[in-house]
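Here's the structure, in structure tokens; my notes come after.
Just so you know, all these numbers are worked out from the coordinates, no wet-lab data involved. Since we're looking at a predicted model, the values are computed, not measured. Note: ideal-geometry Cβ built from the backbone for every residue, glycine included; neighbour counts use all protein chains shown.
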Amino acid sequence: VFFKNYCAAASRDVVCDAMRRYFLEMTGCDAAVVIPDLDETAPFSDRLPAMPVSEPIRIHNTGMVYDHELLRGFVEALEELRNAGRFPAFEFGLSGPAPFRPRMSPWPAPAKWLGWHDTEQHWRTIRGADFLYLQHPFDAARELFAKTSFPSKLSAYIRAGVPILFHAPESSSMAGFASAHGLPFLFCQSDPREAAGAFAREYSRRRKES
């Protein structure tokens with residue numbers, strides 16, 4: 001089964017336990033983790049994610065982006081790969097409140113700012129994506145933050161049943177979570193061109209296998 005480890009990771013208990021463990025390791029305090037509006041017993045996702053079957057591929061980020069220039073470089077590198085015939089046509093959607101609009105200059109052509117989505121539209125958007133982008137910062141000033149924070153979007157992303165494109169430092173909580181559960185599409189390169197190239201190669205390999 002494609003993404004055979006996905007179901008194991010797509011549960012409320014797994015995410016909550018990971019959050020709790022990281023918090024305990026970094027602070028020495030044990031704390032309960034509450035994810036609002038989430039059924040206590042239902043799994044996050046009722047379906048396995050699948051590889052995209054049509055173009056353009058829809059990549060989406062909801063909420064905050066920690067490093068705007070890293071995102072710009074990643075999108076531009078994917079576009080260069082597309083122009084070279086090494087990656088399919090794609091769209092990169094971004095949604096969230098106005099203050100979360102990335103400050104990218106120049107703004108990459110494939111990136112589309114969609115603005116604020118209400119709850120119903122939010123779920124429709126992320127469940128309709130082919131990949132959901134989750135970034136953690138690579139700069140030294142935010143190293144501790146990357147090690148200890150669990151973005152709230154993680155629970156929504158997993159619940160959506162869509163492959164997550166992790167772009168995060170190897171020492172970050174997100175890289176640890178993806179590695180621990182065998183989730184594909186984890187890229188720890190701080191150079192956006194290297195990360196985009198690795199994503200394109202992994203996508204091509206898995207597309208041929210599917």
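Please go through segment 68-134 and write out the chymotrypsin sites (Phe, Trp or Tyr not before Pro) that DSSP classes as loop and that have at most 16 other C-beta atoms within 10 Å.
For chymotrypsin sites (Phe, Trp or Tyr not before Pro) across segment 68-134 that sit outside H, G, I, E and B with at most 16 neighbouring Cβ atoms in 10 Å, the list reads TRP116.
Please list, by residue number, every one of the trypsin sites (Lys or Arg not before Pro) in segment 99-147 that is coil in DSSP and has at most 13 other beta-carbon atoms within 10 Å.
Qualifying residues, ordered by number: ARG103.
Need one number: the % of Cα-Cα pairs in segment 69-147 sitting beyond the 20 Å mark.
Taking all Cα-Cα pairs of segment 69-147, the fraction more than 20 Å apart is 44 percent.
For segment 116-128, just list the computed ³J(HN,Hα) in residue order, Karplus coefficients 6.51, -1.76 and 1.60, θ = phi - 60°, integers in Hz, with x standing in for Gly and Pro.
For segment 116-128, the Karplus curve yields 6, 10, 6, 4, 5, 5, 4, 5, 5, 5, 6, 6, x Hz.
Compute the projected area of the convex hull of the Cα atoms of segment 82-210, averaged over all viewing directions, and report it in nm² to one decimal place.
That works out to 8.8 nm².
Compute the relative contact order of segment 41-156 as a whole-number percentage, counting only Cα pairs closer than 8 Å that sit 6 or more residues apart in sequence.
32
List the residues of segment 178-210 whose backbone N lies under 20 Å from a point placed 7 Å from the Cα of ALA140 along the Cα-to-Cβ direction.
189-192
Within the set of other residues whose C-beta is less than 12 Å from the C-beta of CYS188, count the net charge using Lys and Arg as +1 and Asp and Glu as -1.
-3
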